[in-house]
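J.: Shown below is the structure under consideration.
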Amino acid sequence: MEATRPLALVTGASAGIGECFARELARRGHDLLLVARGLERLSILARELRAQHGAAVEVLAADLGRLEDLERVEERAAGAENLSLLVNNAGFGLGKDFLEADADAHEAMIRVHLIASVRLARAALPGMVGRRRGAVINLASVAGFLPRGGSVTYGATKGFLTFFTEALAVELRGTGVKVQALCPGLTHTEFHRRAQMDVSRKPGWLWMDAEEVVQSSLRCLERGRVVCVPGLKNRLFVALSRVVPRALLGAVVRRTDRKMQV
Ligand SMILES: NC(=O)c1ccc[n+]([C@@H]2O[C@H](COP(=O)([O-])OP(=O)(O)OC[C@H]3O[C@@H](n4cnc5c(N)ncnc54)[C@H](OP(=O)(O)O)[C@@H]3O)[C@@H](O)[C@H]2O)c1
């Protein structure tokens, strides 16, 4: 059967920001390829989106920290002739200082955030460039701009993703393919609970909803903005991070974090 609708591949689609991307993209007429470890949640979401929007939705249970699982997703991404959007969204936090988390946990984060994002972009982009259309969104974070105790590997992986995306945008100029580093700040999802982070003292005004983050990302994509920071306050933090000396920034963020912990 000839593919007529654009296909979006969303990793980490079983919850939070990824699930919102899946819902919004189905609403906008995309077929979907949804990836996460939790098959049951993906299947429930797929059924709902097929019924609501008539989208063709395929689910792929994969732990993106495992190379053999990642290779299955890569193969699917490379072979999908109507792939128009890749959202490298799967991710997690550790909620611990560097020495409190074991080495395997840091490595797993590097695999999911970096290795999977780079390999999937490498698999998806040749087809997109050949068709002269498509986009890749990499989920970075405001945390990628801050030298922050308590999320050392997390912030470093997110900083990598922003830099990677900015450099990729330079190479892809003129190909018709767009890339975006999406850099949300605190967002209501399952992220903090899963990482056992106590965020009860973080003030309400700092938070955004996942739906707002997704709308902001898709607006940035239409405008061709490579680094997309949703929300005015988050844009302010990023602007400050570029002018305040790094050592001072690290100390201020550490003190503020401690004040907000119970
Ligand atoms: N929430 C925030 O405040 C915030 C702020 C900035 C950036 N972000 C970034 O936004 C992205 C989405 O996070 P979220 O806030 O939506 O968190 P979330 O609600 O916890 O969702 C995370 C998603 O990633 C999937 N995932 C985690 N590990 C995986 C693995 N090894 N293999 C495959 N899928 C995996 C999870 O599904 P399974 O458990 O079923 O695998 C889930 O679908 C992450 O990259 C995060 O770093 C979040």
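J.: Kindly provide the set of residues from the range 233-262 that are of a type outside the set (A, V, I, L, M) and outside any helix (DSSP H, G or I), ordered by number.
T.: First, pick out the residues of the range 233-262 that are of a type outside the set (A, V, I, L, M): 233-235, 237, 241-242, 245-246, 250, 254-259, 261.
Within the range 233-262, P245, Q261 meet the criteria.
J.: Suppose we filter E75, E81, E100 for residues that are charged (D, E, K, R) and free of Cβ contacts under 8 Å to residues at least 40 places away in the same chain; which single one remains? So that I can check it myself, show each step before the final result.
T.: Working: E75 fails: free of Cβ contacts under 8 Å to residues at least 40 places away in the same chain; E81 fails: free of Cβ contacts under 8 Å to residues at least 40 places away in the same chain.
Unique residue meeting the criteria: E100.
J.: Applying the selection to the range 134-184, what residues are hydroxyl-bearing (S, T, Y) and not in a helix (DSSP H, G or I)? Write out each step before concluding.
T.: If we filter the range 134-184 for residues that are hydroxyl-bearing (S, T, Y), which is where we start, we get 141, 151, 153-154, 157, 162, 165, 175.
Those that are hydroxyl-bearing (S, T, Y) and not in a helix (DSSP H, G or I): S141, S151, T175.
J.: What about L25, is it away from the ligand (no atom under 13 Å from the Cβ), in contact with a Leu (Cβ under 8 Å, 6 or more places away or on another chain) and modelled with pLDDT of 95 or more?
T.: On the way: away from the ligand (no atom under 13 Å from the Cβ): yes; in contact with a Leu (Cβ under 8 Å, 6 or more places away or on another chain): yes; modelled with pLDDT of 95 or more: yes.
In short, yes.
J.: Please determine whether any residue of the range 190-197 is open to solvent by 30 Å² or more (accessible area, probe 1.4 Å), more than 9 Å from the ligand (Cβ to nearest atom) and not in a helix (DSSP H, G or I).
T.: Here is the first cut: in the range 190-197, the ones open to solvent by 30 Å² or more (accessible area, probe 1.4 Å) are 190-191, 193-194, 196-197.
Of the ones still in play, those that are also more than 9 Å from the ligand (Cβ to nearest atom) are 196-197.
Cutting the leftovers down to not in a helix (DSSP H, G or I) gives us 196-197.
Taking every residue of the range 190-197 in turn, at least one turns out to be open to solvent by 30 Å² or more (accessible area, probe 1.4 Å), more than 9 Å from the ligand (Cβ to nearest atom) and not in a helix (DSSP H, G or I).
J.: On to the next question. Do you know which residues across the range 198-225 are farther than 18 Å from F237 by Cβ and buried (at least 17 other Cβ atoms within 10 Å of the Cβ)?
T.: If the condition is that a residue be farther than 18 Å from F237 by Cβ and buried (at least 17 other Cβ atoms within 10 Å of the Cβ), then A210, V214, L218, L221 are the ones that fit.
J.: Could you check the range 226-262 and list, in sequence order, the residues that are open to solvent by less than 40 Å² (accessible area, probe 1.4 Å) and hydroxyl-bearing (S, T, Y)?
T.: S241
J.: Starting from residues that are out of contact with any strand residue (DSSP E or B) (no Cβ under 9 Å at 6 or more places or on another chain) and either of a type in the set (A, V, I, L, M, F, W, C) or open to solvent by 40 Å² or more (accessible area, probe 1.4 Å) (or both), keep the ones in the range 139-157 and report whichever is modelled with the lowest pLDDT.
T.: If we filter the range 139-157 for residues that are out of contact with any strand residue (DSSP E or B) (no Cβ under 9 Å at 6 or more places or on another chain), which is where we start, we get 142-143, 145-157.
Those still in the list that are either of a type in the set (A, V, I, L, M, F, W, C) or open to solvent by 40 Å² or more (accessible area, probe 1.4 Å) (or both) too: 142-143, 145-148, 152, 156.
Details: V142: 97, A143: 96, F145: 96, L146: 92, P147: 91, R148: 88, V152: 96, A156: 98.
Ranking the candidates gives R148 first.
The values are calculated or read from the model by the stated rules, or taken from the named source; none is laboratory data. For clarity, every value in this text was computed on a predicted model and none was experimentally measured. Quick reminder, even Gly has a Cβ in these numbers, built from the backbone with ideal geometry, and neighbours come from all protein chains shown. For the accessible areas, the whole protein counts, side chains as well, though only heavy atoms, and no ligand, DNA or RNA atoms are used. Shrake-Rupley method; radii C 1.70, N 1.55, O 1.52, S 1.80 Å.
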